[in-house]
Amino acid sequence: MTIEARLAELGVTLPDAPAPAANYVPFVVVGTLVHVSGQISQDANGLIKGRLGADMTVEQGAAAAQRCAISLLAQVKKACGGDLSRLVRAVKLTGFVNSTPDFTDQPKVINGASDFLVAALGDAGRHARSAVSAASLPLGVAVEIEGIFEIR
């Protein structure tokens with residue numbers, strides 16, 4: 001099954017790749033690796049803001065992380081000239097969670113992105129990962145995730 005077919009089965013349509021908000025590029029291709037800049041939690045309704053441990057549940061945070069993963073795939077699609085069949089695998093994610101000092105479930109939040117990538121890519125979605133706390137994130141968003149992907 002193609003990635004596009006899996007996404008359709010999951011009810012996901014990739015948005016246009018979000019434009020960078022400052023002086024950086026959304027991705028850099030080096031050889032067969034695509035390094036995607038941090039994607040913040042947002043959906044069709046706008047930014048997904050909040051702070052885990054204060055005003056968001058782990059489930060809400062995981063949903064925000066899934067939105068970051070959808071944006072990551074949108075960037076990879078753009079890096080591949082619109083052809084997601086060139087995507088070989090997810091290599092590594094680094095997830096940042098806007099959370100209180102006593103919140104310790106950052107991995108459960110970033111699971112929202114990891115679980116989505118495995119659902120969308122199968123075994124090619126399994127990746128190395130870091131999930132860390134942040135005292136704040138740009139624009140007050142709940143989650144930001146950057147990623148490295150292998151392409152052909």
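Here are a few things to note about the model shown:
- Scan of the range 27-68 for residues that are in contact with a strand residue (DSSP E or B) (Cβ under 6 Å, 6 or more places away or on another chain) and part of a helix (DSSP H, G or I), ordered by number: Gly61, Ala64, Ala65, Arg67, Cys68
- Residues that are under 15 Å from Leu7 (Cα atoms), modelled with pLDDT of 95 or more, crowded, with 17+ Cβ neighbours inside 10 Å and not polar (S, T, N, Q) occur at least once in the range 80-93.
Yes/no per residue for (1) among the polar types (S, T, N, Q); (2) surrounded by fewer than 19 Cβ atoms within 10 Å (Cβ to Cβ); (3) closer than 14 Å to Ala74 by Cα; (4) touching a residue at least 12 places away in the same chain (Cβ under 8 Å):
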position: Thr2; (1), (2), (3), (4): yes, yes, no, yes
position: Tyr24; (1), (2), (3), (4): no, yes, no, yes
position: Thr32; (1), (2), (3), (4): yes, yes, no, yes
position: Arg51; (1), (2), (3), (4): no, no, no, yes
position: Thr57; (1), (2), (3), (4): yes, yes, no, no
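- Boolean, Leu72 is crowded, with 18+ Cβ neighbours inside 10 Å and touching a helix residue (DSSP H, G or I) at 6+ places or on another chain (Cβ under 7 Å): no
The values are calculated or read from the model by the stated rules, or taken from the named source; none is laboratory data. It should be emphasised that the depicted structure is a prediction, and the values quoted were computed from it without experimental measurement. Virtual Cβ from ideal backbone geometry, glycine too; neighbours counted across all protein chains shown.
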